[in-house]
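Step one of this worksheet: look at the structure below.
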Amino acid sequence: MLKGKTALVTGSTSGIGLGMATALAAQGANIVLNGFGDADGPRAQVLAAGQAHGAKVAYHGADMSRAAEIENMMKYTASQFGGVDILVNNAGIQHVASVHEFPPERWDAIIAINLTSAFHTTRLALPAMLANNWGRIINIASVHGLVGSAQKSAYVAAKHGIVGLTKVTALETAPTGVTCNAICPGWVLTPLVQKQVDAKAEQLGISNDEAKKALLGEKEPSMHFTTPEELAALAVFFCSPAAGNVRGVAWNMDGGWVAQ
Ligand code: NAD
């Protein structure tokens, strides 16, 4: 379905982003990976997923808190594949602390990586998408783009911000073949959440499994984690012709978290 298209997935060396890149490659899209840590393993996984379609995979290690590096990544993508057709703004970090104890430099980093980076990639990708009259911008927000949780001021502010950016981008592109939507996951068991599981286990003196159940029990009535594969299937739907008029939604996949 996506053969000949190019998808740039930020923060795709791990977790949800890697799931997105794998699923888009399986649909035939060429992929540009981004993120920290080992890139060879993720590249091999995504290449294998796209092998049947001959999908190509490239990597750029831009730090998403730095505008100049984001600009370089966008130029690199254009030089490798001619431009970005599908932009998945996924890179994100978390820090947990009360507002009055929140380190200002952590606040700045979360706003830069979880929100401002999406502004830069979007503003740089849109001109070519509009010229082609086709594009898909998928912002990985969170249930925390829809509701708050204590101890997560910067994250909740950034995620509410990216839901706002999604709506405005969708409105500005509404008469065109470019769409912009957000996906709002509940708990997904990635390294970002495992850190919170570990903290809970230590804080309460309980096992890893008990800490997972405690975390789910606080928020997620289904009592199970959403998977990167389930989220990626929604992203693939957003890229399909059937979703051509889905614009500006913030679609939660959260085991009932926000329904409460
Ligand atoms: P993760 O820690 O597994 O992956 C994060 C990715 O972002 C990694 O590839 C990492 O290298 C990259 N990254 C971090 N800082 C970066 C930077 N400065 N520049 C470039 N890349 C950077 O986390 P995840 O759980 O897969 O999270 C992915 C997205 O999903 C985030 O935006 C997160 O807020 C969101 N999300 C996660 C959950 C969850 O429960 N895990 C729930 C809702 C939303």
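Nothing in this text is a laboratory measurement; each read-out follows from the coordinates by a stated rule. Just so you know, these numbers come straight off a predicted model, no measurement behind them. Glycine gets a Cβ as well: all are built from the backbone with ideal geometry, and neighbour counts include every protein chain shown.
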Semi-axes of the equivalent ellipsoid for region 116-260, Cα gyration tensor, largest first, Å: 33, 15, 12
In Hz, Karplus ³J(HN,Hα) per residue of region 98-104 (6.51, -1.76, 1.60; θ = phi - 60°; x = Gly, Pro): 5, 3, 6, 10, 6, x, x
What Rg and what Dmax come out for region 80-132 when only alpha-carbon atoms are used, in angstroms? 15.2, 47
Compute the semi-axes of the equivalent ellipsoid of the chain, taking the square root of 5 times each eigenvalue of the Cα gyration tensor, and list them largest first in whole Å. 29, 19, 18
I'd like the orientation of helix 15-26 relative to the chain: the angle between its Cα long axis and the longest Cα principal axis, in ° from 0 to 90, rounded to 10. 30
Please determine, in degrees from 0 to 90 and to the nearest 10, the orientation of helix 191-204 with respect to the longest principal axis defined by the Cα atoms of the chain, where the helix direction is its Cα long axis. 0
How much length is gained if the chain between N132 and F119 is pulled fully straight, taking 0.36 nm per residue apart and subtracting their Cα-Cα distance, in nm to one decimal? 2.7 nm
Could you work out how much longer the chain between L47 and A78 gets when fully extended? Use 0.36 nm per residue separation minus the Cα distance between them, nm to one decimal. 9.2 nm
From zero up to wherever the largest Cα-Cα distance of region 1-152 sits, split into 10 Å bins and tell me the percent of pairs in each. 12, 40, 32, 13, 3, 0
Hull surface over four for the Cα convex hull of region 1-72, reported in nm², is 4.4
Long-range amide H contacts for V178: which residues qualify at under 5 Å (H placed 1.01 Å from N, peptide plane, sequence gap of 5 or more or a different chain)? G135
What distance in nm separates the simple spin-label points at V258 and D38, each placed 7 Å from Cα in the Cβ direction? 3.5
For Q151 paired with E218, estimate the spin-label separation in nm (one decimal), with each label point 7 Å from Cα along the Cα-to-Cβ line. 0.4
Rounding to the nearest 10 and keeping the result within 0 to 90°, find how far the Cα-based axis of helix 117-132 lies from the longest principal axis of the chain. 30
